[in-house]
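Chemist: First the structure, then my questions, so here it is.
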Ligand code: NAD
Ligand code: AHE
Ligand code: ZN
């Protein structure tokens, strides 16, 4: 059966740096191997603000942003077997086809199947399912969750038990999974190891949570915003440092002193390349590993003395925490339902879709961990 176009509300980014405009969008039915989702809730991640700012080299306009969403499958295209109408789902900006070189490597969660079209803001067949004011509107990160209905590839969605409410499940679509996975899956933080987390927004606090889960020793939260100290301690950080308040000492020197030689693992959750350097240099000689999670603007580059690597420090990074969404998200949902993964605690603000621009403001103001938007 051929589905119908649905007209609903979406927050459209017409141009870089402008507020989103909530207006009617026409959402075409899913084609073969595509899924149309009614989004119930979406988080607003720093990456949405980054692309809206115009600093993302892949960011093109007009576009429906949003990549941290959960809802219910409305309809599926031909050949879709992994989900069915009525399933509760989380959208995946890191798809998992289980067939490509990346998926089969056993070395990465990155999937290559649709990355090229995803980066261009179109579906795998090269076209868009969104239209507004008579114009085609681009997709974002293969998910576009700032729309009441969205269409995604069938490899970009995972069904989860409806026991987890969609206002919680959405946060597993990016922020929480990214930080938690970076600690547990990518770094594989060991018991007793000393950890420093630069930037304790949703992603950084999730790294803290992963470090606690793996029984790290010192967990040092580093943030320029003193308001984040209480949050970091609530999630299990043992120390807090505001790097702007160190007199005559760099943050890396300070951390090396605190940890008697440097951290075993550090994480950048800021997207600031100066912070990335400090995080690498705060690592222990011989084995310390620094994980880049933050996304930096076009033109930004990282640097350090190669001696830092020659003497055993390791620089790496990950997307979505290194987590394979279709395989591993149901397990994280179970962890949440069994009381072994904090999710509720991340929701500090809520807004309706009509006030989505307020959610962006709140994130910049800094007293907010995550604002969840009710669609
Ligand atoms: P956020 O805005 O909620 O948190 C960022 C935190 O960093 C804030 O608490 C802020 O005060 C702090 N900060 C800013 N500059 C700092 C500095 N110089 N030193 C120390 N702290 C500083 O952002 P978020 O949603 O948690 O995302 C964090 C970063 O991770 C962003 O760059 C985002 O784009 C990126 N991200 C990457 C992935 C991935 O898969 N790699 C996934 C999600 C988010
Ligand atoms: N288009 C951006 C890339 C931004 C980026 O690195 N995105 C992360 C996810 S951030 C989620 O909040 C990611 O998944 N990266 C892997 C990939 O394939 O994009 C730029 O700067 O060019
Ligand atoms: Zn994100």
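Chemist: Of all DSSP beta bridges located in the chain, what percent are antiparallel, nearest 5? Present the calculation step by step, with values, prior to reporting the outcome.
Modeler: Values: 35 of 61 bridges.
The antiparallel proportion sits near 55 percent.
Chemist: How big is the stretch 312-369 on each of its three principal axes, counting only the C-alpha atoms and giving the largest first in Å?
Modeler: Principal-axis extents of the stretch 312-369 (Cα, largest first): 42, 36, 20 Å.
Chemist: Mind putting together the pair-distance distribution for the stretch 116-242? All Cα pairs, 10 Å bins, whole percent per bin, short to long.
Modeler: 12, 31, 25, 22, 10, 1
Chemist: Over all pairs of distinct alpha carbons, what does the Kirkwood formula give as the hydrodynamic radius of the stretch 176-318, in Å? If you can, show how the numbers build up before the last one.
Modeler: Values: mean 1/r = 0.0692 Å⁻¹.
About 14.4 Å for the stretch 176-318.
Chemist: Kirkwood Rh and Cα-based Rg: tell me the resulting Rg over Rh for the stretch 258-344, rounded to two decimals.
Modeler: Values: Rg = 15.9 Å, Rh = 14.7 Å.
Result: Rg/Rh = 1.08.
Chemist: For the stretch 30-132, what is the relative contact order in percent, using Cα pairs closer than 8 Å and at least 6 residues apart in sequence? Don't jump to the answer; show the numbers that get you there.
Modeler: Numbers: 146 pairs, mean separation 25.2, N = 103.
The value is 24 percent.
Chemist: Between 105, 75, 156, which gets the highest mean-square fluctuation from a Gaussian network model of the chain, Cα cutoff 10 Å?
Modeler: Result for the chain, Cα springs under 10 Å: 105 fluctuates most.
Chemist: Can I ask one more? Compute the separation of the alpha-carbon centres of the stretch 327-375 and the stretch 251-285 and state it in Å as a whole number.
Modeler: Comparing the Cα centres of the stretch 327-375 and the stretch 251-285, I get a distance of 28 Å.
Chemist: Shifting gears a bit: According to the square roots a ≥ b ≥ c of the eigenvalues of the Cα gyration tensor, what is the shape class of the stretch 182-222, taking rounded for a/c under 1.5, prolate for a/b larger than b/c otherwise, and oblate for the remainder?
Modeler: Oblate shape, in that a/c is at least 1.5 and b/c is the bigger or equal ratio.
Chemist: Follow-up question, since we're still on this one. Which whole-number percentage describes the relative contact order of the chain, with Cα contacts under 8 Å and a sequence gap of 6 or more? Don't jump to the answer; show the numbers that get you there.
Modeler: Numbers: 929 pairs, mean separation 65.2, N = 375.
Normalised by residue count, the contact order of the chain is 17 percent.
Chemist: Can you give the extra length, in nm with one decimal, that the chain gains between residue 135 and residue 190 once fully stretched, where that is 0.36 nm per residue apart less the Cα-Cα distance? Show your work: numbers first, answer last.
Modeler: Working: separation 55, 0.36 × 55 = 19.80 nm, distance 5.17 nm.
Working it through step by step, the gained length comes to 14.6 nm.
Chemist: Here is a follow-up. Helix 325-337: angle to the longest alpha-carbon principal axis of the chain, degrees 0 to 90, nearest 10?
Modeler: Between the helix axis and the principal axis of the chain, the angle is about 70 degrees.
Chemist: What is the stretch 1-155 by shape, rounded, prolate or oblate, if you read a ≥ b ≥ c off the alpha carbon gyration tensor as root eigenvalues and call it rounded for a/c under 1.5, prolate for a/b larger than b/c, and oblate otherwise? Don't skip to the answer; put the middle values down first.
Modeler: Working: a/c = 1.67, a/b = 1.14, b/c = 1.46.
Note, shape of the stretch 1-155 comes out oblate.
Chemist: Stretched out fully, how many nm does the piece from residue 26 to residue 125 gain, at 0.36 nm a residue minus the Cα gap?
Modeler: On the way: separation 99, 0.36 × 99 = 35.64 nm, distance 1.83 nm.
Result: 33.8 nm gained on full extension.
Chemist: Do you know the relative contact order of the stretch 176-318, to the nearest whole percent, from alpha carbon pairs under 8 angstrom that are 6+ apart? Show your work: numbers first, answer last.
Modeler: Numbers: 315 pairs, mean separation 30.2, N = 143.
It rounds to 21 percent for the stretch 176-318.
Chemist: I've got another one for you. Can you put 50, 93 in order of Cβ neighbours within 10 angstrom, beginning with the fewest?
Modeler: Working: 50 17, 93 24.
If I rank by nearby Cβ atoms, fewest first, I get 50, 93.
Chemist: Computed over the Cα atoms of the chain, what is the ratio Rg over Rh, Rh following Kirkwood?
Modeler: On the way: Rg = 20.3 Å, Rh = 20.8 Å.
Using Cα coordinates only, the ratio equals 0.97.
Chemist: What's the extension gain from residue 253 to residue 9 if we count 0.36 nm per residue and subtract their Cα-Cα distance?
Modeler: Details: separation 244, 0.36 × 244 = 87.84 nm, distance 5.07 nm.
Taking 0.36 nm per residue and subtracting the Cα distance, the gain is 82.8 nm.
Chemist: Right, another one. Once the Cα atoms of helix 356-365 and of the chain are each reduced to a long axis, what angle between those two axes, in degrees from 0 to 90 to the nearest 10, is obtained?
Modeler: Rounded to the nearest ten degrees, it is 10.
Chemist: Please state the Cα pair-distance histogram of the stretch 1-82 with 10 angstrom bins from zero: what percent is in each bin?
Modeler: For the stretch 1-82, the binned pair fractions read 16, 41, 33, 10, 0 percent.
The numbers here are math on the coordinates, done by the rules we state, and not lab data. No experiment lies behind these values; they were computed from the predicted model shown. For neighbour counting, all protein chains shown are included, and Cβ atoms are generated from backbone atoms with ideal geometry for every residue, glycine included.
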